[in-house]
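Structure record follows, encoded as C-alpha cells.
Nothing in this text is a laboratory measurement; each read-out follows from the coordinates by a stated rule. In this text the structure is predicted, and so the values were computed from the model without any measurement.
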Amino acid sequence: EEVKLLGAWGSPFSWRVEVALKMKGVEYEYFDEDLMNRPKSSLLLEYNPVHKKIPVLVHNGKSIAESLVILEYIDEIWNDRPVILLPQDPRDRAIARFWAKFMDDNCVPALWRSCRREGIERENAFEEAYALLNVLEAELRDKQKRFFGGDTIGFVDITGNFIGYWIGVIQEVAGVRLLTPEKFPLLCKWCCEFQNFPIFKENLPPREQLFAFFKARFERKRKTLRGGLMTLR
C-alpha cells in the first residue's frame, strides 16, 4: 500500500493524522508543508485543490482531506488493527462524532481568539471559551473516566489535542491564563493523561520549539498589523 501524508510541523490538525497512523501501525511517507509559504506547494494544490489546506492523506493515489474525515477513514480502512479509534456501537460512535465536532467548531476557534484578540474582543472571547470549557469539564465529570473515550484513548481524545497540549503553549505565548487546574481540575487532569499517554508523549512536538514557533507567528501578525495601520495615516 502507498500511504502519503501532507502535513505541517506545529499543526495540531496534522498531528492528529500522524498519531492515528502510528497508533494503527501504518507506514507512511511524510511531506512537510511550509504554512508560511506562498504560493502553496504544487503537491498540496494537486491533492487538495478545493481547500488547499493540510492535512491531506493520500492512499494508493487517492486523496482525503480534513483531519476528522481522515481519522474516520484510517479507522475504517485499517480496522483489522488492535487499536480502534471510534466506538463500535452506533450510538456511541455518533456521540463521539458530536463531541469531536463540538471541539473543532466551537472550542478551538474560541480558545484561539482568547489568545489572539485584544481589549474587549479578548474579554468576549474569554467568556465564550470559559463557557465551552465548562461544558467539557461537565462531560468528564459525568463520565468519571480517564478519557473522553472512556478508559482508553479514542477519537474524541485525539481530536481534543489542541486543548490537551497546544493551548497550554499558546496561552503562555499570549500571556493569558484560561485553562487552569483551579478552574478546570478534571480537564487539566485529562490534559496530563493526554500528554503522558505513551504514543502521544513520544510524538508531541517539543514544548520549547512549539513556543518559539507560535511566538514567531504572533510577532509576524503584529508587524503585519502595524504595517497596515501605518498605511492608513
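Against the set (1) 17; (2) 30; (3) 21, the structure's computed percent of Cα pairs over 34 Å apart falls on (1).
Our summary gives segment 116-182 a relative contact order of 20 percent, counting only alpha carbon pairs under 8 angstrom and 6 or more residues apart. Once backbone amide H atoms are built at 1.01 Å from N, Ala8 has Ser14, Glu33 as its partners under 5 Å, excluding neighbours fewer than 5 places away on the same chain. Per-residue 3J(HN,Hα) values for segment 8-13, derived from phi via the Karplus relation 6.51 cos²θ - 1.76 cosθ + 1.60 with θ = phi - 60°, read 8, 5, x, 8, x, 6 Hz in sequence order (x marks Gly and Pro).
Step through the table entries Lys53/Lys189; Lys145/Lys183; Lys101/Lys215; Lys24/Lys215; Lys22/Lys62, compare each Cα-Cα distance with 25 Å, and write down the pairs that go over it.
Working: Lys53/Lys189 32 Å; Lys145/Lys183 19 Å; Lys101/Lys215 28 Å; Lys24/Lys215 33 Å; Lys22/Lys62 20 Å.
The answer is Lys53/Lys189; Lys101/Lys215; Lys24/Lys215.
Counted over the chain, the DSSP beta bridges are approximately 70% antiparallel. Across segment 90-212, Cα pairs under 8 Å and at least six residues apart give a relative contact order of 24 percent. If you take the square roots of the eigenvalues of the alpha-carbon gyration tensor of segment 3-77 and sort them as a ≥ b ≥ c, do you get rounded (a/c under 1.5), prolate (a/b over b/c) or oblate? Note, shape of segment 3-77 comes out prolate.
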